[in-house]
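Chemist: Pasting a structure here, questions to come.
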Amino acid sequence: MGKTHEECAAAVESMVLRYGQDVYRLCRVYLQDASLAQDAAQETFLKAFRHYDSFRHEASEKTWLLTICVRTCKNMLRSPWHRWVDRTKTPEDMQIAWEETESNRVLRAVLMLPEGLRMAVVLHYYYGFKAREIGDMLHLPLGTVLSRLKRGREKLSQMLSEGGDEDG
């Protein structure tokens, strides 16, 4: 039996309160642009509202929501409009409200990773998702996710060791 409009609205409103910052941060890391991230976060919650009735609770709400978020960001990057706009940003341009325990140097290194590695690293180490969950969210085989995590760790280690103590 389907949920009423009010039940869906209440459920999504609750998700906005619980996961709004997580969704925005993921959009910000993925898109590397504040205004696009705001648009993507808003679109994520609109899609969640429209499709909440079909949510089967096979995964947690957070996993379901971040899966919608990743797809929304991917679609934005594929749009013809986005390809014509210069969206290149340096890590210094990013003003992400990251946990205070993360150093700026590590954050800059994570943001400089190629997109595939960056998303795997962020979803695993920041959001705490298991490799299998990341594979489901990004529609990738488990081996690919494990490989990206390994390569991401190696690349981060290399980047941080090359940087020395100049930023730290």
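Chemist: Please state the equivalent ellipsoid semi-axes for region 11-76: what are the square roots of 5 times the Cα gyration tensor eigenvalues, largest first, in whole Å?
Modeler: Gyration-tensor ellipsoid for region 11-76: 19, 11, 10 Å.
Chemist: Let me ask something additional. Return the subset of 130/150; 47/130; 62/130; 62/150; 130/155; 3/62 for which the Cα-Cα distance in this structure is over 22 Å, preserving the input order.
Modeler: Checking Cα-Cα distances, 47/130; 62/150 exceed 22 Å.
Chemist: Put a dot 7 Å past each Cα toward the Cβ at residue 142 and residue 154; how far apart are the dots in nm?
Modeler: The answer from the label model is 2.1 nm.
Chemist: Simple spin-label model, 7 Å along Cα-to-Cβ: residue 9 to residue 125 in nm?
Modeler: It is 4.2 nm.
Chemist: Kindly write out, for region 57-72 in residue order, the coupling ³J(HN,Hα) from the Karplus curve 6.51 cos²θ - 1.76 cosθ + 1.60 (θ = phi - 60°), rounded to whole Hz, with x marking Gly and Pro.
Modeler: So the J values, rounded to whole Hz, are 6, 6, 10, 5, 4, 5, 4, 4, 5, 5, 5, 4, 4, 4, 4, 4.
Chemist: Compute the signed sum of charges (Lys and Arg +1, Asp and Glu -1) over the other residues within less than 14 Å, Cβ to Cβ, of residue 155.
Modeler: Taking every Cβ under 14 Å from that of residue 155, the sum is +3.
Chemist: What's the carbon and sulfur percent of region 1-57's accessible surface, probe 1.4 angstrom, rounded to a whole number?
Modeler: The computed percentage sits at 51.
Chemist: Now, a different point. If 112, 159 are ordered by their accessible area, calculated over protein heavy atoms with a 1.4 Å probe, which sequence runs from highest to lowest?
Modeler: Ranking 112, 159 by accessible area, largest first, yields 112, 159.
The values are calculated or read from the model by the stated rules, or taken from the named source; none is laboratory data. These figures come from a predicted structure and were not determined experimentally. Positions of Cβ are backbone-derived with ideal geometry, glycine not excepted, and every protein chain shown enters the neighbour counts. Keep in mind that these areas ignore ligands, DNA and RNA; they rest on the heavy atoms of the full protein, side chains included. Shrake-Rupley method; radii C 1.70, N 1.55, O 1.52, S 1.80 Å.
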